[in-house]
Amino acid sequence: MDSGDDSVNNENVRRTRSGKIVRTPAVKAPAKKTRKKVVLMEVEVSEEEEDAQQNNVQKDERPEESEENNVPASEENHESQQAEEMEVVEEIIEETTLEEDEVALSELINKDMDQMEENEKLVDDAMDAEFAEPLAEPTESVVDEVEEALDDDVMNEQKNGVDVASDTEPEKEEEKQLQSGEPDAENISEDELPTVQAVKVPETEEVSDEELPGPKRAELPADTEVVSEDELPTVKKEATKRKLAEGDYDPGSPTSEGEAPAKKASIESASVKEEEKNVKPKKLPELDKYWKAVNDDPTDFTGWTYLLQYVDQENDMEAAREAYDAFLSHYPYCYGYWRKYADYEKRKGNKKKCEEVFERGLKAIPLSVDLWIHYLTYVKTSKPDDEEYIRSQFERAIAASGLEFRSDRLWDSYIKWETEAKRLQHVTSIYDRLFTTPTQGYTTHFENFQEHISSNPPNKVVEVDEFLALRKEVRHMLKHDSANETKPDNSDVPPGEDDSSKVISSDEETKAIRERIVSIRRKIHKNTVAAVTARWNFEEGIKRPYFHVKPLERCQLKNWQEYLDYEIEQGDQVRIVVLFERCLIACALYEEFWLKFVHYLENLKDPELQPKIRDVYERACTIHHLKKPSLHLQWAMFEESVQNFGRAAEILVNLEKSVPNVLQIAYRRINLERRRNDYERCAQLYEHYINNSKNKMISSNIAIKYSRTRTIRGSTSS
């Protein structure tokens, strides 16, 4: 170690160009900086051997003691030594920056390259010895050799003009702390130990690029050991998973036996939960809140809309169906919600259920043009190749709502479907029916028909019989108009066998046939225009043709009354019934229109209309007017008039449940039983009302009637 100290002292004493002797402090700071890094690197390599690290630190301190012996000023005053060292560093920097010589620089660079190669060989030999022998023995030699090489490199950099003072602020602080004394250097290295990891390798690059192979090779064993220790659990888990997947048992893994059953149990529990979800879907969290609002007040239309909006967004099919069914049982005239219900079932892939919803909606509101168009669109999509079925559904729609004044879109949809398939004769037949129906777009329809005739051959747009008749008529007209025509009219000759083929194919004849086709329809169209004109003012007064819970204005109610009276005067029963049905959609919450309708039907005294009358009563009393006694009492009278006593009694019982403690209902029930000669039931009802009546006056009146009935019955029986 003494020889090593002498060599270090000799190398650290140098002479400048001015002849001054430079001592070690100028090189000491970079050397200590490098030594600190090597020691830190050594700590990473052998973390577990703390004793060896302390020995290395002590050995690194010895050269400092020898250096301090050569400088007597440092023994007397440590602060004066620091000042002297800084002055020497500044003098060297000044001299190296002011006295640059290109020739000297090139020689020094060549010398440095040779010296670096020797340093690399020394580091490689030291590393080989380190791998071959225990780590505690060769650390001293490695540190000394690397230290000497780094000292030479730093001196060369200073000679070549490297500005040491231009280093970063952290490096200056490290130099000052290393020069200040041994205890401070040890504390700094301990504080920086956590940060000097594999990530700090770039600092070595900043010190010297040539040293990179050395530190990397020295760190490889330590890094590999640390990484392997950290990653051992993950490697074992991956191996365990792999072996478990292959069905092998891993005796080296302490958790392999316990993990596999847990995973299987979790998988089984997950599958069970999925099955439970499929069987019993979880109840929607806010469903009860929405249901409570409508159960408390079934007439709360806004509450129903919130409920339907909520279930439509969630994925609970049963809850959605329950909500839609309940709402539409209260408000069947809301065609928009029939559409939403059908679309919901279609979206969920329930084709059969979707068709059922459409059928229920069309039965509840057959005059809804929008609902019919939506349904026909679905039919054309689901069965695009079934021409007959699609046509049958169009005919069904025309029969149900074709007489509606605002049914133009339904007619246009039917015409468009036939036109796209080039079935021109069917198109003409639809126009013929449309011209007899007063609708809002009567003018547009006739214009479209004229275009239809002018853009297609006459023999393609009308039936064969009609075409032959028109051709014969046109030829006869052309013969009289043509002065040069001499041939007789061969009307008995079959088409195509006469000599007038040129006349048949002429543009004049074709034009005349087309004009004749249009002129025949124009006469029918004029009658329709007159019917539309007579009803136009009434139709303009209808501002809300759809259903809504909001009350109608008085002017609209009056307009409906006058419109119905006008249609009844015209005497067209079909159109009267259609207008009543249209009125009941918009005025469903007004009982006077229901009574007006049943009175009209009953006055016709047609036994075949009894099902229609019963249907009107049932819709009025069970859907829209549950607590209107007048409608229910008339319904009971109607059922009694047709000898349906059981149904009449049932109607009165339901009415009494909805509207209790009404004396008129009690008398109606008693008299009904009396009229059908059920006196025992009649007596039971009397006693029931006498005992349960809350008003003494009412009970006394019922008792008097009961006594009279018994007296009359007794005298009759005697």
At a Förster distance of 30 Å, what's the computed FRET efficiency of Asp572 paired with Glu451, Cβ-Cβ distance as r, to 0.05?
-> 0.45
Sum of side-chain charges, Ser519 neighbourhood, beta-carbon under 12 Å (Lys, Arg +1; Asp, Glu -1) | +4
Mind grabbing the accessible area of Thr381 for me, 1.4 Å probe, Å², rounded to tens?
-> 100
Heavy-atom SASA rank of Met697, Met116, Met637 (probe 1.4 Å, accessible area, largest first) | Met697, Met637, Met116
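Given a 1.4 Å probe and every protein chain left where it sits, what share in percent of the accessible area of segment 562-687 is carbon and sulfur?
Result for segment 562-687: 48 percent of the exposed heavy-atom area is carbon or sulfur.
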Sort Arg614, Arg521 from largest to smallest accessible area, using a 1.4 Å probe on the heavy atoms of the protein chains.
-> Arg614, Arg521
Roughly speaking, to the nearest percent, how much of segment 289-442's 1.4 Å accessible area is carbon and sulfur?
-> 49
Cut-off 13 Å between beta-carbons: net charge of the residues surrounding Glu404, Lys and Arg +1, Asp and Glu -1 | +1
Cα gyration tensor shape for segment 401-440, rounded if a/c is under 1.5, else prolate or oblate = oblate
Kindly report the accessible area of segment 573-681 per residue (heavy atoms of protein chains, probe 1.4 Å, no ligands, DNA or RNA), in Å².
-> 47
Lys and Arg at +1, Asp and Glu at -1: add these up for the other residues within a Cβ distance under 13 Å of Leu552 and post the number.
-> +3
Heads up, segment 273-414 by the C-alpha gyration tensor (a ≥ b ≥ c square roots of eigenvalues; a/c under 1.5 rounded, else a/b over b/c prolate, else oblate) looks oblate
Would you mind calculating the gained length between Lys605 and Ile524 on full extension (0.36 nm times residue separation, minus the Cα-Cα distance), in nm to one decimal?
-> 25.9 nm
Förster radius 22 Å - calculated FRET efficiency between Glu118 and Met86, Cβ distance, rounded to 0.05 = 0.10
Starting from the Cα-Cα distance between Arg433 and Glu592, subtract it from 0.36 nm times their residue separation and give me the gain in nm to one decimal.
-> 53.8 nm
Could you tell me the accessible area of Val427 in Å² (1.4 Å probe, neighbours in place), rounded to the nearest ten?
-> 0
Roll a 1.4 Å probe over the protein heavy atoms and report the accessible area of Tyr600 in Å², nearest 10.
-> 30
If the label point is 7 Å along Cα→Cβ of Asp325, which residues in segment 358-374 have backbone nitrogen under 19 Å from it?
-> 358-365
Can you tell me the FRET efficiency between Arg360 and Glu420 if r is taken as the Cβ-Cβ distance and R0 is 22 Å, rounded to the nearest 0.05?
-> 0.15
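The values are calculated or read from the model by the stated rules, or taken from the named source; none is laboratory data. What you see is a predicted model, and the numbers here were worked out from it, not measured in a lab. Methodologically, a virtual Cβ is constructed for each residue, glycine included, from the backbone with ideal geometry; neighbour enumeration extends over all protein chains shown. For accessibility, only protein heavy atoms count, side chains too; no ligands or nucleic acids. Shrake-Rupley method; radii C 1.70, N 1.55, O 1.52, S 1.80 Å.
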